[in-house]
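The values are calculated or read from the model by the stated rules, or taken from the named source; none is laboratory data. As the structure is a computational prediction, the values presented were derived from the model and not from experiment. Because the Cβ atoms are built from the backbone with ideal geometry, glycine has one as well, and the counts that use them run over all protein chains shown. Areas reflect the complete protein model, heavy atoms only, side chains present, ligands, DNA and RNA absent. Shrake-Rupley method; radii C 1.70, N 1.55, O 1.52, S 1.80 Å.
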Amino acid sequence: MIRPSLSQWHMATMSLLTVLDQGAEDQRDTTIEHVEKLLSERDQLQPSIQPPFSKEEHEFGKELILLEKELQINLALLSKDIRLDISGHQKKMDSSNAYTDPYSQVFRDGTFYDKKK
């Protein structure tokens, strides 16, 4: 017999994978909130998953380990996408600021360079 905490862990992991697979760019905030909720639910379940495990639970655990690897990959991809969006947004802001104030990046030390040589 498999413990209820292991079954709940499995259900939370499957829900996480589903949310990460369906996560759309325009609904990223709700996706992140849902992922955080499911991860905190799994964190609460973790202390109740302690040995000794039955033979049936060992087999179930092997499946959970594979799901966990897939989940880690998907979470890393989500994190990478967020970082790329943040860096892209920062580049747009820098470009916009450079357009509105083109002389902000000029080194101003009072030196005059004569270009007519």
Quiz item: Which longest uninterrupted range of the chain lacks any chymotrypsin sites (Phe, Trp or Tyr not before Pro) assigned by DSSP to a loop state (not H, G, I, E or B) and surrounded by at most 14 other Cβ atoms within 10 Å?
Solution: 1-102
Quiz item: Once you put a point 7 Å from the Cα of residue 83 and another 7 Å from the Cα of residue 103, both along the Cβ direction, what distance in nm separates them?
Solution: 3.9
Practice problem: Specify the angular offset, from 0 to 90 degrees and rounded to the nearest 10, of the alpha carbon long axis of helix 55-100 from the longest principal axis of the alpha carbons in the chain. | Solution: 10
Practice problem: Counting only heavy atoms of the protein chains, get the accessible area per residue of the chain (1.4 Å probe) and round it to a whole Å² value. | Solution: 81
Quiz item: What is the helix-to-structure angle for 4-22, meaning the angle in degrees between its Cα long axis and the longest Cα principal axis of the chain, kept from 0 to 90 and rounded to the nearest 10?
Solution: 30
Practice problem: Please determine, in degrees from 0 to 90 and to the nearest 10, the orientation of helix 28-45 with respect to the longest principal axis defined by the Cα atoms of the chain, where the helix direction is its Cα long axis. | Solution: 40
Quiz item: Per 5 Å bin, what is the whole-percent P(r) computed from every C-alpha pair distance within the chain?
Solution: 2, 9, 14, 14, 11, 9, 7, 6, 5, 5, 4, 4, 3, 3, 2, 1, 1, 0
